[in-house]
Amino acid sequence: MAAPMRLLVRRVIRLSHRNIHVSAAGASGRSGCCWGTSPCRCFSDDRNTHFGFETVPEAEKAKRVYKVFENVAQKYDVMNDAMSLGIHRLWKDTLLHVMHPQPGARLLDVGGGTGDIAFRFLEYVCSQQERQKRRATRSMQTPSWQDISNNYSTEDEDGPRESRAVVCDINKEMLKVGKQKADSMGIGAGLSWVVGDAEELPFDDDQFDIYTIAFGIRNVTHIDQALQEALRVLKPGGRFMCLEFSKVTNPVLARLYDAYSFQMIPVLGEVIAGDWKSYQYLVESIRKFPDQEEFKHMIEDAGFYCVQYYNFTGGVVALHSGFKL
Amino acid sequence: MWPSVCKPWLFQRHCVVISKVCVQQLHSSSSGFADTCYNGLYPGHIPTTPIQRALLAVGSGVAALRDPYRHDMVAVLGETTGHLALINLRERMRNDPEGYTILTERPRIRLSTLDLSKMASLPDGSFGREYLRFLEDNHVTPDSRADVKFVDNEELAYVMQRYREVHDLLHTLLGMPTNMLGEVAVKWFEAAQTGLPMCALGAVLGPLRLNASRLQSLFTSLGPWALQNGRQARCVLSIFYERRWEQNLEDLRQELNIQPPPLILSASNKRST
């Protein structure tokens, strides 16, 4: 069939791209010097991937990403505000508007450590619910006796549909910070915190209406596996939404953005969080992530339909959306 | 596109840097293999562009002023603003025979390299014994010094590191405790000696946190003494302290041309600014 062939061809192209990246990075000498720790490992496990601009063995990447987020967890939100000048809040708000969740929806937010998406989700469905209630009461200003007696009997069994948000993250520090935030904001109902790996989610099939991953998927070692897991845990008709840094299309903006990323952001990381290297990794990992079109194809390959993307802030951030049918 | 311009330049620079690192790795036998897995001229080095250094200087200055307990920001400020002063210091060290030895042998002052029991058995009044007493009285350890990160020359980075590690020894030489007044006095001495902008900033802003009586003692006796001695003393970085533990403290002061302090400050009046 055409689809598996296309899948195969794309996989081959991706692998060859990866090898080009590897050899380019190898030519700089970085990999050779730094990762000669265990030469025997180099022979047996020579599958490499990128960690920012470095080339590392695949097994190493997850550990290093874990360390990065463990270090930055406490200052994560402050840094987000400083680096994006608060614009990340608008991006996340727009994600919720595009999502337009209805009361009763079940959300899985992967890589959602500090809970930004989950909190916004719960607030949104709450306000949706109130709007619906208001609409209902307005339309029932003069109910008949029959209607009133019906209401009494149905009120208990079909109460307000409980929306639930599950925040899943591989990093315990980030979840800890998220839980603290939830406690201080007084949000508890309908929220759960689960430790899990995006490549191997600890959930059954067909569980969730919406799967979101905001600024997390570029840290995953095997993105295609994460996409397949997303497909698995979504219900039929469920929506996959991914917010991620992407390629800026406008060349002038791109230059400014690159200058800002490489000159300013690690400095902010050092001054605010005391951690230059984690934020250097962040800006490098953005450059290594596939662009909008390529990522759209990856999502389609995983089996999603009606995949489309929206560019925010000139392509600095892209929202990819797909459905499981 | 910036990244395609930036990357080759960065890679080229790193190629030069990596080749230097590789040569060093071949020669270094100490420090575990984990230490040699670094991406710069020395362990902990983070190469920076001039723009980044400028931004760091401003940012760390602001952060240090807002929260003086952020020692890492004070350190970064020192590293990013001290280039000329470090070159000057290195020249002075090179021109001094003992300083030249230090630049070649690169001693580091840490608990692991100090023989504490031997130092404790030294007679009172000897430099080693007084240094140990200073560490105990003020509850400090030589291992709390941050590593240098943003100096892009390996020898200058060592000079900076030496300056940090000598700081506690300076306290002993000058007889100053680690309370605010003592620290300000040492900063005035260091500013006069080294010319590091960070020391000068600390010397100017430190007194703002002192109460009236301490300010008076600073301006009337301690301050002028510190400044004068800073100017006339031999370069304190050029002294191989590790080989002078047995030397009498007063002798050492005379050799360095440092007069004893005009006021005896005790370590017990900490935290009462």
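With a Förster radius of 41 Å applied to the C-beta separation of B:E91 and B:L205, the computed FRET efficiency comes to 0.90.
Work the Kirkwood hydrodynamic radius out for the stretch B:55-199: mean of 1/r over every pair of different alpha-carbon atoms, inverted, in Å.
Across the stretch B:55-199, the inverse of the average 1/r is 16.3 Å.
Carbon-plus-sulfur accessible fraction, the stretch B:108-243 (probe radius 1.4 Å, protein heavy atoms only): 56%.
For the stretch A:116-236, the fraction of C-alpha pairs more than 24 angstrom apart is 44%. Once you divide the Cα radius of gyration of the stretch B:203-273 by 2.2 N^0.38 Å, the number left is 1.31. In terms of packing, defined here as the mean over residues of other Cβ atoms within 10 angstrom, the peptides B:237-250, B:68-81 line up highest first as B:68-81, B:237-250. For A:K277, a cut-off of 14 angstrom between C-alpha atoms picks up these aspartates and glutamates, skipping any fewer than 8 places away in its own chain: A:E54, A:E70. Taken one residue at a time, the phi angles of the stretch A:169-178 give Karplus couplings (6.51, -1.76, 1.60, θ = phi - 60°) of 8, 7, 9, 5, 4, 5, 5, 4, 4, x Hz. Gly and Pro are set to x. Look at the stretch B:45-54: the mean tally of other chain Cβ atoms within 10 Å of its residues' Cβ atoms is 3.
Across the stretch A:259-269, coupling constants 3J(HN,Hα) worked out from phi with the 6.51/-1.76/1.60 Karplus curve, θ = phi - 60°, read 4, 4, 4, 7, 8, 8, 5, x, 5, 4, x Hz, and Gly and Pro carry x.
For the stretch A:181-325, the calculated P(r), taken from all Cα-Cα distances in 5 Å bins from zero up to the bin holding the longest distance, is 2, 9, 16, 18, 17, 15, 13, 8, 3, 0 percent. Over the stretch B:55-121, the reciprocal of the mean inverse Cα-Cα separation, the Kirkwood hydrodynamic radius, stands at 14.7 Å. Heavy-atom accessible surface of the stretch A:245-313, averaged per residue, reaches 40 Å², computed with a 1.4 Å probe. Shown here are the Rg and Dmax of the Cα trace of the stretch B:164-239, at 11.4, 36 Å.
Within the stretch B:135-273, all pairs of alpha-carbon atoms sorted by distance into 5 Å bins from zero give the percentages 2, 9, 19, 23, 22, 15, 7, 2, 0. Partners of B:K187 within straight-line reach, counting lysines whose Cα lies under 26 Å from its Cα and excluding those fewer than 8 residues away in the same chain: B:K149, B:K270.
Panel note: contact residues of the stretch A:256-303 (accessible area lowered by at least 40 Å² against the chain on its own; 1.4 Å probe) correspond to A:D258, A:F262, A:Q263, A:V267, A:E270, A:V271, A:W276, A:K277.
So how much accessible surface do A and B hide from each other in total, probe 1.4 Å, in square angstrom to the nearest 100?
Summing both sides, the interface buries roughly 2500 Å².
In the stretch B:117-171 the Cα-Cα distances spread across 10 Å bins starting at 0 as 22, 41, 25, 12, 0 percent of all pairs.
The values are calculated or read from the model by the stated rules, or taken from the named source; none is laboratory data. Everything numeric here is computed off the predicted structure, so don't read it as measured data. Here the Cβ is made from the backbone with ideal geometry for all residues, glycine too, and neighbour counts use every protein chain on show. Calculation scope for accessible area: heavy atoms of the full protein, side chains included, ligands and nucleic acids excluded. Shrake-Rupley method; radii C 1.70, N 1.55, O 1.52, S 1.80 Å.
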